[in-house]
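A.B. asks: This is the structure, below, for whatever I ask next.
The values are calculated or read from the model by the stated rules, or taken from the named source; none is laboratory data. Only a predicted model underlies this, so the values are computations on that prediction, with no experimental measurement involved. All Cβ positions, glycine included, derive from the backbone under ideal geometry; neighbour counts span all protein chains shown.
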Amino acid sequence: MSQFSRSQSASDFHEPLRAKVVGFSHVLRHHGFQVGLRETEDAVRVAAHFLCADFAAFRDGLRSLYCLSQEECGTFDPLFEGYWAPPDGASRITPPSTAPRKERREFPGGLDLTTGFGDAADVEQSTRTTSGASTLEVLRTMDFSQVTPVDQVRLERLAARLWRRMYVNLPRRLRGANWKNRLHFRRTMRRNLSQGGDPLYLVFAGRKPRRPRLVVMLDVSGSMELYSFTFLRLLYVLQRRFRRVHSFVFSTALEDVSGVLAARSLGGALAALSRKRIGWNGGTRIGDCLHALVREHGGRVFRQDSVFIILSDGLDTGEPERLADGLKAIGKLARKVIWLNPLLGIAGYEPIARGMSTALPLVDVFAPAHNLESLLDIERYLVK
């Protein structure tokens, strides 16, 4: 017989589970980890899915959420074992004695965050990094490699709001100039049924809005370490805002992550990604991965209206000819090829690396991707 009665619901255990995860966040913060609200909330979701069902997946999911470097991974493992699965009581790790205080913070720009582990140091850091009426503008133009954990939550909320606005605006821009002059006969007849069929009211409609199909490749190699994790989060939002998005990540090999990023929560998506052998922070063979995309997925993901987007710094270790051939093959399948490079936002950068210089003549758009403002510019590239 189960130790829990049938009348008890999963919600009865949500608060204890959340308190346990928040306590672990305290432990990590005490040991120098930059842990914010979003990481903790995502960790709660990971725990709800995997803590009892798959403890190894639970550990890997938390590691992917909390660790930003190989050094932090080395520190994380003993802290995790000591907190969640100590071999004996003497080795158990407990949260710092300071009790978490639940408070509501109001930031400029109308972004409210409710936290369960805030302290004065966070407020001071937040005020120092982005303060005053220009907070939103600062976040839009801040280089992703410079975003602090305190600002990460607000940046993601701002990104989601702006992506949603873009999602709504695109159909309007795709309608065409003369859409008001086109009569929609079926809707006109339906609208005038109450008038005995006499067309007293005319209903006009233009060309059916058509959002482009997106095929996105994200570079997760070592040279992209400062950007790839943020791009994964934004790619998750992008896939939820557009109905036809095929997402891939690559370093030395290509991996289709469209299904993983379709998860209901970002935490669940990241936990699933952490179990895949993708070659995080490894080398880069862009040409080989482009050929793999065409060979293994080309007929499935590309259509005449497809827009191909690659997020990469172009620091390829493969042969330039291989990269050129791959881009030429993509160019025959896609309506437009867009290369977004985070290094292009750095003052003085020139695309002189052999991979990037080889690719430039074969792409339709070469644009920066170092901050939110630059990513939002892709809206104008998606419109025919």
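A.B. asks: How about region 272-314: which of its residues are of a type outside the set (G, A, S), under 20 Å from the mean Cα position of the chain (by Cα) and either within 26 Å of S357 (Cβ to Cβ) or assigned by TED's automatic domain parsing to the domain that holds F55 (or both)?
C.D. replies: Selection gives N281, V307, F308, I309, I310, L311, D313.
A.B. asks: Moving on. Taking the residues in region 362-384 that are over 19 Å from M217 (Cβ atoms) and surrounded by fewer than 17 Cβ atoms within 10 Å (Cβ to Cβ) as candidates, determine which candidate is farthest from the chain's Cα centre (by Cα).
C.D. replies: Looking at the filtered set, the residue picked out is K384.
A.B. asks: Now for a separate question. Under 6 Å between Cβ atoms, which residue pairs at least 6 apart in sequence (or on different chains) link something in region 232-256 that is over 10 Å from L218 (Cα atoms) and hydroxyl-bearing (S, T, Y) with a partner that is at pLDDT below 80 and surrounded by fewer than 20 Cβ atoms within 10 Å (Cβ to Cβ)?
C.D. replies: From residues that are over 10 Å from L218 (Cα atoms) and hydroxyl-bearing (S, T, Y), the pairs are T252/G279; T252/G282.
A.B. asks: Is it the case that S69 is within 21 Å of the chain's Cα centre (by Cα), crowded, with 19+ Cβ neighbours inside 10 Å, modelled with pLDDT under 80 and hydroxyl-bearing (S, T, Y)?
C.D. replies: No; evaluated as a whole, the condition is false for this residue.
A.B. asks: Take S247 and tell me if it is in contact with a helix residue (DSSP H, G or I) (Cβ under 7 Å, 6 or more places away or on another chain), over 26 Å from S357 (Cβ atoms), modelled with pLDDT of 85 or more and not aliphatic (A, V, I, L, M).
C.D. replies: yes
A.B. asks: Look through region 365-384, keep the residues that are in contact with a helix residue (DSSP H, G or I) (Cβ under 8 Å, 6 or more places away or on another chain) and part of a loop (DSSP other than H, G, I, E, B), and return whichever of them is nearest to A159 (Cα to Cα).
C.D. replies: N371
A.B. asks: Of the conditions (1) modelled with pLDDT under 85; (2) over 17 Å from R45 (Cβ atoms); (3) in contact with a Phe, Trp or Tyr (Cβ under 8 Å, 6 or more places away or on another chain), L254 satisfies every one except a single condition; which number is it?
C.D. replies: Exception for L254: condition (1).
A.B. asks: For region 336-364, what are the residues that are in a helix (DSSP H, G or I) and in contact with a helix residue (DSSP H, G or I) (Cβ under 7 Å, 6 or more places away or on another chain)?
C.D. replies: P342, G345, R354, G355, T358, A359, L362
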